[in-house]
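These notes are about the structure you will find just below.
What follows is calculated from the coordinates using simple rules that are stated; it is not laboratory data. Quick caveat: nothing in here was measured; it's all calculated off a predicted structure. Cβ coordinates were reconstructed from backbone atoms using ideal geometry, including for glycine residues, and neighbour counts include every protein chain displayed.
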Amino acid sequence: MAWWRSATTGGAADRQQERVIHIWDARTGQPLSLPIPHPDSLRQISFSPDARFVSVLLRDGTVQGYETDTGIAVTPPLEAGGQIAFAMFSPDGRRVLVGGAVRTCRVWDLTPDPRPADELVAYSRLIANRRLDERGQLVPLTPEEFQALWTRFKPGAK
């Protein structure tokens, strides 16, 4: 069992076979959210300063962020290039610092991006210089595809 507690909020992962996090009011013992399921055994849980989010460090070496009110995942499983040693929130609660056991750290921004999903997908293609083909395989962009995306997203483009 992993657990966390402050003056106002507490959280616990029940028996490992349940793979569920329960969050409660530390004063009353009443639940504050729906149970949050997770896919693997826990190593650590931590709450954002405002307790809106919880980061769950799993034994498989990934971290995932969840909304504490709803239990909805707000991140995909996050990796740090090797076994993760810790995860912690920034003081403003908008970022998660993930540290690896092989001296690597990554910072993940949890701020929602208001852009439409198709625009984010197109932008990620430009950054990665890759796209998914009709079979779902990653393939390099053609020069024409890259140019079209660059024209769309270059600084100053509208």
Report, in degrees rounded to the nearest 10, the 0 to 90 angle that the Cα long axis of helix 117-128 makes with the longest principal axis of the chain. 70 degrees
Length gained when the stretch Thr70-Arg115 is fully extended (0.36 nm per residue, less Cα-Cα span): 13.9 nm
Based on C-alpha coordinates, I'd like the Rg and Dmax of the chain, in Å. 19.1, 62
With +1 on the Cβ of every Lys and Arg and -1 on the Cβ of every Asp and Glu, and nothing else charged, how large is the dipole of the chain about its Cα centre, in debye rounded to the nearest 20? 380 debye
Could you identify which residue out of Gly61, Gly100, Gly29 has the top mean-square fluctuation in a GNM of the chain using Cα springs shorter than 10 Å? Gly29
By its C-alpha gyration tensor, with a ≥ b ≥ c as the square roots of the eigenvalues, how is region 82-130 shaped: rounded for a/c under 1.5, else prolate for a/b larger than b/c, else oblate? oblate
Between Asn129 and Arg52, what is 0.36 nm times their sequence separation minus the Cα-Cα distance? Round to one decimal in nm. 24.2 nm
Hey, in the GNM for the chain with a 10 angstrom Cα cutoff, which one of Thr75, Thr28, Thr104 fluctuates hardest? Thr28
Return the single residue from Arg125, Arg43, Arg52 with maximal mean-square fluctuation; model: Gaussian network over the chain, springs between Cα atoms under 10 Å. Arg125
At a Förster radius of 30 Å, what calculated FRET efficiency corresponds to the Cβ-Cβ distance of Trp150 and Arg59, to the nearest 0.05? 0.10
Run the helix sum for the chain: -39,500 (n - 2.57) per DSSP H stretch of 4+ residues, divided by residue count, reported at 222 nm to the nearest 500 deg cm²/dmol. -4500 deg cm²/dmol
Could you tell me which of His22, Gly100, Val139 has its Cα farthest along the dipole of the chain towards the positive end, charges placed at Cβ (Lys, Arg +1; Asp, Glu -1), taken about the Cα centre? Gly100
What is the helix-to-structure angle for 143-153, meaning the angle in degrees between its Cα long axis and the longest Cα principal axis of the chain, kept from 0 to 90 and rounded to the nearest 10? 60 degrees
Return the inverse of the average 1/r over all pairs of distinct C-alpha atoms in region 29-95, which is the Kirkwood hydrodynamic radius, in Å to one decimal. 12.2 Å
Filter the chymotrypsin sites (Phe, Trp or Tyr not before Pro) in region 81-110 down to the DSSP loop ones having no more than 11 other Cβ atoms within 10 Å, then list what survives. none
